[in-house]
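Throughout, read-outs are computed from the coordinates displayed, never taken from laboratory work. Being a predicted model, the structure only gives us computed values, none of them experimental. FYI the Cβ positions are ideal-geometry reconstructions off the backbone, even for glycines, and counts take in every protein chain you see.
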């Protein structure tokens, strides 16, 4: 008999959660997935015009979604960054490095045509691991 992992969902209060019908974060088994998160806080775009500040704010919102699960930046194993301009790569990369340099999650950065709100320059997704112990095996700490 296969055991189905318990699924937990967290809402952030974003109006988009109701409009679209999604949860800010979903935990299933050892993984916690954080949906696309922008630099919006209470309807205000944090860091308007600054890709660096928007990235910091979007990551802060994403990390806040991990808090109900008792997780922080050290649990993040994957990030995805969506930008509206290739010229902003360095600024967004700097924000990512400041938060995750010690963690080194798998990361993807993609340039997209835009977001629902044209003031938004950055959206991020996070994936975290909440397993019970440290990993083992040759891949741990290895570099290609």
Ranking 96, 85 by Cβ neighbours within 10 Å, fewest first, what do you get?
-> 85, 96
Could you give the nm distance between label points at residue 11 and residue 28, where each point is 7 Å from its Cα heading toward the beta carbon?
-> 2.1
The percentage of Cα-Cα pairs in segment 7-129 separated by more than 18 Å is 47
Sort 76, 124 so that the residue with the fewest other Cβ atoms within 10 Å of its own Cβ comes first and the one with the most comes last.
-> 76, 124
